[in-house]
Amino acid sequence: LGAARAQVHDAFIVAQSDAGIVIVDQHAAHERIVYERMKAALANGGVARQGLLLPEVVDLDEAAVRRLAARTDELAELGLAIEPFGPDAIVVREAPALLGQADIAGLVRDLADELADFDSAHTLRESLYAVCATMACHGSVRAGRRLNIEEMNALLREMEATPNAGQCNHGRPTYVALDLPDIERLFGRR
């Protein structure tokens with residue numbers, strides 16, 4: 001994927017490759033990397049957890065609390081330690097270490113919504129992967145975050161080593177490559 005040269009609009013990495021240039025959506029790319037790490041950790045016995053210094057209480061409706069409470073063991077496998085906190089709240093005590101400084105309350109609300117969409121046709125593994133995708137989205141580098149050259153190059157190297165790095169968990173491309181002859185044609189040089 002080449003060497004990072006710049007970050008544009010605090011959302012896209014522009015890299016120079018041997019063949020031309022590569023434009024990377026930093027959030028989509030990092031989301032795929034985190035997702036694949038979580039899947040690998042899940043396959044190897046579970047996602048490492050990090051205890052929260054202050055447990056986070058998340059207010060939800062009663063149905064959402066029931067849905068999450070019914071899946072505490074599965075969520076624990078994914079590194080998220082939760083428990084009901086009254087009829088309309090969940091307390092989060094541990095979060096997946098891979099997520100770093102994620103928005104825990106937003107993550108829990110999205111997971112409750114995601115679980116509402118599951119039906120009996122989903123296997124447990126498919127359900128866990130869908131939850132992993134949601135968690136990865138919350139734990140990824142956001143558009144608007146300024147990266148330095150070293151961080152951009154580290155992201156490019158991680159992409160090169162990550163399966164399915166060409167698209168994010170939602171199916172969107174993570175990068176676009178423009179070959180030098182295509183660029184030259186755009187400017188009437190060929």
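Annotations for the structure displayed:
- Whichever residue in region 71-108 is free of Cβ contacts under 8 Å to residues at least 24 places away in the same chain and open to solvent by 60 Å² or more (accessible area, probe 1.4 Å) and, among such residues, is farthest from I33 (Cα to Cα): P84
- Residue within region 94-103 that is modelled with pLDDT of 85 or more and out of contact with any Lys or Arg (no Cβ under 8 Å at 6 or more places or on another chain) present: no
- Meets criteria (within 20 Å of A3 (Cα to Cα) and either of a type in the set (F, W, Y) or not in a helix (DSSP H, G or I) (or both)) for A154: no
- Considering residues of region 1-48 that are touching a Pro at 6+ places or on another chain (Cβ under 8 Å) and not small (G, A, S) only, the residue nearest to L75 (Cα to Cα): V47
- Of the candidates V57, V108, the single residue that is farther than 22 Å from H170 by Cβ and β-branched (V, I, T) is V57.
- Within the set N164, N169, the sole residue that is closer than 30 Å to L68 by Cβ, in contact with a Lys or Arg (Cβ under 7 Å, 6 or more places away or on another chain) and surrounded by fewer than 18 Cβ atoms within 10 Å (Cβ to Cβ) turns out to be N164.
- Looking only at region 50-64, residues that are out of contact with any helix residue (DSSP H, G or I) (no Cβ under 8 Å at 6 or more places or on another chain) and either open to solvent by less than 20 Å² (accessible area, probe 1.4 Å) or of a type outside the set (V, I, T) (or both) come to 7 in all.
- Within region 14-49, the set of residues being out of contact with any Gly (no Cβ under 8 Å at 6 or more places or on another chain), surrounded by fewer than 17 Cβ atoms within 10 Å (Cβ to Cβ) and not β-branched (V, I, T) comprises A19, G20, A40, A43, N44, G45.
Quick grid of which residues meet (1) in contact (Cβ under 8 Å) with a residue 40 or more places away in the chain; (2) part of a helix (DSSP H, G or I); (3) of a type in the set (D, E, K, R):
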position: A6; (1), (2), (3): no, no, no
position: I23; (1), (2), (3): yes, no, no
position: R32; (1), (2), (3): yes, yes, yes
position: R37; (1), (2), (3): yes, yes, yes
position: A41; (1), (2), (3): yes, yes, no
position: V47; (1), (2), (3): yes, no, no
position: L53; (1), (2), (3): no, no, no
position: A63; (1), (2), (3): yes, yes, no
position: R66; (1), (2), (3): no, yes, yes
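The values are calculated or read from the model by the stated rules, or taken from the named source; none is laboratory data. Predicted, not measured: the structure shown is a model, and the values here were computed from it. All Cβ positions, glycine included, derive from the backbone under ideal geometry; neighbour counts span all protein chains shown. Side chains are part of the model used for accessible areas, which takes the heavy atoms of the whole protein and leaves out ligands, DNA and RNA. Shrake-Rupley method; radii C 1.70, N 1.55, O 1.52, S 1.80 Å.
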